[in-house]
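Read-outs: derived from the displayed coordinates by stated rules, not from any lab. Predicted model, so just to flag it, every value in this text is computed and none were measured. Positions of Cβ are generated from backbone atoms using ideal geometry, with glycine treated the same way; all protein chains shown enter the neighbour counts.
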């Protein structure tokens, strides 16, 4: 029974023998926990952020290039995108052409960024594409709401980075990968059925309590 | 006031109540034209459409000079009140008008705006859209002093043909004349039974006075209240694809209440405006067999009447009553009939004798709110719950009562705890 549950452990040994880095493996196995954490922040706390993709991919970028360079480059992209939005406003372009033009601008800036930040090209490309999400939310929700959503996304990404770079957790997931996977799956189902108030709603409806 | 489980949060709304709205229903609510079509087919009053623009050619071929003195230009699939231009009256020269926000607007500008709407600038996901011109609602006198420029409306949430909560939405300077709470309009709660306002909220702050004035937010009596509730319930009946819906109703000076639009995912702030949680109300209404809109309104007024016990106590003091009291019951023919009642703090709900209820004409089908199956030592028994109005020690009480066979008992009426707020009961004797 117990040995039947250990379907992942042999695979991990195999991967390690093949030369995979333990840290990489741990982060891969912890990824479902990250997405659960992001989902839980919405349904239990009330932090909306920009879906799952954007905060999760930012966490990956932070893990890869370090949190401070990552944040620096993120703000650079955000600034460029916002600037691009204002600059292209008068051109009356089709939506995708406009987005593509703004990404052209972001790529240019990121190219400059490669001299300042020592990083692999993947992270840079990811950040450039995150630029599209930042642009879309600004166009569809208006500046004020967009900024709060982006701030929430950043908070989640940094917390996610803290979670995934926690060494104890990395060791734990390599030791007990099956338990982690089952728990996160069950956690998602339970979370998806939750109908209680979100933490921030206790504040919103405090006079009704 | 109550536990967190009676408040409707985002999670519960989405998972438990929005599932009553299917895709077809959301499509109707998202298009103002489809909504109008369905509602007017059911004979419900909606503002008249003057012109629909589907293509840019429509915009250029249209003779704008033939338009009436005032009108509204709207996107068909707009949301949150965006992209709407309200024309108040003609300016000095032909082809020029004044807008509600006090700017002068001419035909080329209107055309350009209409083309922007068609291009999808104000629609969900920026998809191409249609635009239309609609007659302008002329704000009814009573609201003129409360609203900043725009048109106030009444939002009623209807579930299973029963109106469950309502609020008055007053545009402010910040909301730029829009009645949308997200834009900064004021939400004023309304007692369902009487149509009198109670509390108010604006951007999460609770108000006592309308900002910038000395007018109190509570105590405004809305005209045509029964008609408003019935219209709201009928709107949901006309669009059964939407089981849980927000109905927005405006008062027109000439035509009275009219349905402006339907909302397939009405917001939660209405609870703060009423200082009343919504989830418990929804649970009470879910699964009831509601015959029609009128029946739904009757259920709402009996179930969700505000008690105002605190206010009554502050004004009149606590009333002392005995364990037996003579009460007057409002019969079906509007006569008041005196009976002796037992005041029973051990019972929750008021209960009335079957033959007495029948005699007073209260057992008519329209007055039966629902039927409850009760298991007792005598086996299963179906007990109707009816709407009931009576006067106890001079106070009018609007409530509901269970019907039971009490022929063998001394008192044909038992008044339960639910209707005894603001009273003190002397254990012995009469008052």
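Points worth noting:
- The stretch B:49-135: relative contact order as a whole-number percent, Cα under 8 Å and 6+ apart: 40
- The ratio of the alpha-carbon radius of gyration of the stretch B:77-222 to the globular-protein estimate 2.2 N^0.38 Å is 1.19.
- With R₀ set to 22 Å, the beta-carbon distance separating residue A:155 from residue B:121 gives a calculated FRET efficiency near 0.10.
- Considering only A:181, A:169, A:16, the mean-square fluctuation computed in a Gaussian network model of chain A, springs between alpha carbons under 10 angstrom, is largest for A:16.
- Relative contact order (%) - criterion: Cα under 8 Å, at least six apart; region: the stretch A:24-116: 19
- Helical mean residue ellipticity (222 nm; -39500 (n - 2.57) per DSSP H run of 4+; nearest 500) of chain B: -5500 deg cm²/dmol
- Taken along the Cα-to-beta-carbon direction at a fixed 7 Å, the label points for residue B:283 and residue B:340 span 3.9 nm.
- Distance from the Cα centroid of the stretch B:362-431 to that of the stretch B:336-350 is 6 Å (rounded to whole angstrom).
- For chain B, the longest principal axis of the Cα atoms and the long axis of helix B:293-303 meet at an angle of about 60 degrees.
- With all pairs of different C-alpha atoms in the average, the Kirkwood value for the hydrodynamic radius of the protein assembly as shown is 28.9 Å.
- Helix B:32-41 vs. chain B, principal-axis angle (Cα, 0 to 90°, nearest 10): 50
- Separation between Cα centres of the stretch B:207-226 and the stretch B:24-73, rounded to whole Å: 32
- When you restrict to C-alpha pairs under 8 Å that are six or more residues apart and normalise by the size of chain B, the relative contact order lands at 14 percent.
- Evaluated at q = 0.13, 0.18, 0.22, 0.24 Å⁻¹, the base-10 log of the normalised Debye intensity for the stretch B:49-135, with identical point scatterers placed on the Cα atoms, takes the values -0.37, -0.71, -1.06, -1.23.
- The stretch B:309-425 shape via C-alpha gyration tensor axes, a/c threshold 1.5: prolate
- Extension gain, residue B:373 back to residue B:196 (0.36 nm per residue minus Cα-Cα distance, nm): 60.3 nm
- Overall dimensions of chain A by Cα: Rg and Dmax, Å: 20.0, 67
- Angle in degrees between helix A:22-40 and the longest Cα principal axis of chain A, rounded to the nearest 10: 70
- Look at B:241, B:134 and count the other Cβ atoms within 10 Å of each Cβ; fewest to most, that gives B:241, B:134.
- Histogram of C-alpha separations across chain B, 20 Å bin width, %: 24, 50, 21, 5, 0
- Here the spin labels are modelled as points 7 Å beyond Cα on the Cα-Cβ line, and at residue B:424 and residue B:364 they lie 4.1 nm apart.
- If R0 is taken as 51 Å, the Cβ-Cβ distance between residue A:48 and residue B:380 corresponds to a FRET efficiency of 0.55.
- Rounded FRET efficiency, nearest 0.05, which uses the C-beta distance separating residue A:121 from residue B:173 and R0 of 56 Å: 0.65
- Between the stretch A:66-108 and the stretch A:45-59, the alpha-carbon centres lie 20 Å apart.
- Modelled label positions at residue A:183 and residue B:42, each set 7 Å beyond Cα in the direction of Cβ, lie 5.1 nm from each other.
- Adding -39500 (n - 2.57) for every DSSP H run of four residues or longer, then dividing by how many residues chain A holds, sets the calculated 222 nm ellipticity at -25500 deg cm²/dmol.
- Near-label residues of the stretch B:41-66 by backbone N, under 17 Å of a point 7 Å along Cα→Cβ of residue B:33: B:41, B:47-63
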